[in-house]
Every structure is written in structure tokens, then in C-alpha cells.
Amino acid sequence: MDKRTKAIHHGVRRSQYGEVSEAIFLTQGFVYDTAEQAEARFLQAGDDEFIYARYGNPTVRMFEDRMAALEGTEDAFATASGMAAVNGALTSMLKAGDHVVSARALFGSCLYILEEVLTRYGVEVTFVDGTDLDQWRSAIRPDTKAVFFETISNPALEVVDLKSVAELAHAVGALVVVDNVFATPVFSQAVEMGADVIVYSTTKHVDGQGRALGGVILGTQEFIRKTVEPYMKHTGGSMSPFTAWMMLKGLETIDLRVRAQAASAQAIATALTARDDLERVLYPGLATHPQNRIVAEQMHGSGGTVLSIDCGSKERTFAVLNALNYFTISNNLGDAKSIVTHPATTTHQRLPDDQKAALGITQGLIRISVGLEATDDLISDLTAALDAH
Ligand SMILES: *Cc1c(COP(=O)(O)O)cnc(C)c1O
């Protein structure tokens, strides 16, 4: 079955009513026919047996099965948000004394988990420049338990060479855990490249319409059911059935949406590179991008749905942001609506200036998440705003 077919049919569990659209099992728990049945289910719940929504729910299970089928992993656990997924994947497997190597260019909340949470409980974390294989090589030790990185970093859009980092990690038996949001489930080749655990914020392209927070952890059945599930079900970060239903509806159109958004992003990036009033146009799909070669094999040749530009001074940048008509100033990405973000004063505001500089987060940087509006409208809107300021 092709990914596009799986995204629509895989994992469906129909009730006795034969509904077309997946049912929302909006229930906290499940009843048992007898006390003996309850006892047996608590001892060992079967595949289609549920106990309590924090542990699992039919609507959530449909979403988990479909995500695993799309990504090519054995199993998945759906979470309340992308951050619950990142935290669950890492915290469930690590203990005091363990060593982790992580790329430094991370989404702010991911950095908080690596830098503040894990270290508070005695996990040692070494940060590296994710694009520099020599730094990974010297930081990974025989006792390293896991490596963590965003396959494409936010907002500088650096692409990490997943295959090469996975080879270094696997040589010492470390698990490769990736936050794959910018690659999207549509272009992901994470399993083929050697990732062991893949995490998505499904708030982004999976929902794709700005309605709900969600996340998912993908991996082997052993890892998901023996390591992740006990941790998640007892600490409470599970996805709600209503959210799972929205995410299932999102998956039905994700392939069309993401491919159209990526094609539009490529066209916009190409149009903007022709201008001489921008300091930088960053897009992994441009031949001038430093990791463009990796994009070809790691992302099916697509640069994704997000680009970043540098307009120079903060004054000009704010004037450009305020002049846009079709781009909403917000901080989501992967949405049907095009969204512009000024990382230096919003998502990455709290980073010290030297770290901002190291990550390329200048006062002129605008992150552009390309939506589903007509590409020509988006290009003329950006062009008019830049021309006027
Ligand atoms: C948005 C995002 C997250 C966090 O996801 P939430 O659903 O907002 O909790 C984590 N990593 C990356 C790369 C993201 O873009």
C-alpha cells in the first residue's frame, strides 16, 4: 500500500454501526462484562481491549496505527502535545548517570528539556553543532545512551546528516532520537536513514489547520510498549480521543497539503533569492543551501514547507511583517494559513544574545511557514512589503 493510501485507510476500527468517518470514542474508560474479565484485562490487555483513556482509546489507537504505518515503524504512542512526545521519548529511556549528545540548535522547549530537565535528574548532556560530523564523532562516547536532534533546525533550517550521525551513534549502541517536525511525515526517510525513535509535534503538518496540540512517539513495538507506554500512561501525557480524531482527519489530506506547501515554498524561496535587499534566503531546497545534497537523499528532494529570510535591521523587518496581508503574524507552522514569525523577539526571545548569534537568529530573521494560498498571491504580497520598506 502506498503511503497516500495508508494515510486514508490504515488502522480503521469500525464500530457495529459501520460509520464512514472514524468514530470519536469520547470516553474516559470502558466497562467489563464480568469481574473476571476486568481481572484478566488488567493482567494483560489484548490488542483491541482498553482499560482507561490515559492508557489507550480506540480513536487514539487508530491514529497511532496510522502514524506508524506512514512512518514505517512498528508502533507509536500519541501524546497531548509535541513537547509531551519529546519529553516522553527521552525521559522514559534515560536515568541518572546516562550520557546524551544533542545538537544545540533546538526548539526552545526541546532545549529546556535537554538543558534543564534531564540534567536536574543527573543525565549528562553534551551539546554539539548538529551540522559538524567531527563534533558528533568526538562527543559520542562508548557509554552514550542516546543522541537527539531536529533533522532540520528551527529557524535557521540547517539539515543534520541523519545517516552519518546514526552510524556514529549505532557504533556505540546509542539510540538515535529525532524531532522530525520540519521534515514532515510526507518527506521523512528517518527510518531508512537509521533513526530509532521519531517524534512529531502533530500540532504542525498533521493537523495542519491550527486546531489542536498533539504529538506522537514512533519506534519499535518493544520500545513503545515496554519503555514509552508505562511512562506516559502513568505520568498523564496521553492524547485525547477528540484530538486523535482531528489528527486522523488531518492525515487524510496531509500528502496533498504538504506537497503543495513545499512546492510553493520552493517557488517563493527562488523568487526571493533574485532580490538584492535581503541578507539571506534560507531554504533547504535551494541549490545554494549548504546541506542541499543531504536534502536530496533524506527528504525525497523536497526542502519542506518553511523558509527563512533576513531583512537586515529590526526596524525594516517589523515594517515588512506589518505590511503583509496574506501572512499571519503567529508562531505555528505547517498550517494551511501562511504564517510569519520573528524568532528573535518571540519563540527564541529568552535565548542570550551570544546563543542567538550562534544559531543565526538575527534581528532581521523572519521564519515563513508557507500555507495553501495561491503561490502568486504570496509572492506578490512579500514582494510588495519588501519593495515598500
Ligand atoms: C512545535 C514544535 C515542538 C513542540 O510541539 P508542541 O505541539 O507545540 O508541543 C517541538 N519541536 C519542534 C521542532 C516544533 O516545531
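Every read-out reported here was derived from the displayed coordinates using simple, explicitly stated rules and does not represent laboratory data. No experiment lies behind these values; they were computed from the predicted model shown. With ideal geometry, Cβ positions are generated from the backbone for all residues, glycine too; neighbour counts draw on all protein chains shown.
Brief remarks on what is shown
- In plain terms, the residue of H170, H348 with the fewest other Cβ atoms within 10 Å comes first and the most crowded comes last, giving H170, H348.
- Using the rule -39500 (n - 2.57) for each DSSP H run of four or more residues, divided by the residues of the chain, the 222 nm mean residue ellipticity is -11000 deg cm²/dmol.
- For R257, R120, R141, order by how many other beta-carbon atoms lie within 10 Å, fewest first: R120, R141, R257
- Estimated distance in nm for a label pair at T119 and Q37, the labels positioned 7 Å out from Cα along Cα-to-Cβ: 5.2
- Q28-A358 pseudo-label distance in nm [points 7 Å out on the Cα-to-Cβ vector]: 4.6
- Placing +1 on the Cβ of every Lys and Arg and -1 on the Cβ of every Asp and Glu, with nothing else charged, gives segment 255-388 a dipole about its Cα centre of roughly 320 debye.
- Taken about its Cα centre, the chain carries a charge dipole of about 360 debye when Lys and Arg each add +1 at the Cβ and Asp and Glu each add -1 at the Cβ.
- GluC sites (Glu not before Pro) within segment 1-98, DSSP loop, no more than 11 other Cβ atoms inside 10 Å: E19
- Each of D179, D377, D276, D2 was scored by other Cβ atoms within 10 Å of its Cβ. Arranged with the fewest first, they read D276, D2, D377, D179.
- Check: segment 157-213 dipole with +1 on Lys, Arg Cβ and -1 on Asp, Glu Cβ, in debye: 220
- Cα gyration tensor category, rounded, prolate or oblate, for segment 105-147 with a/c compared to 1.5: oblate
- Dividing the mean sequence gap of close Cα pairs (under 8 Å, 6+ apart) by how many residues the chain holds gives a relative contact order of 17 percent.
- In the chain, the inverse of the mean reciprocal separation of distinct Cα atoms equals 21.6 Å; this is its Kirkwood hydrodynamic radius.
- On the beta carbon distance between E19 and D48, with R0 = 22 Å, the FRET formula returns roughly 0.85.
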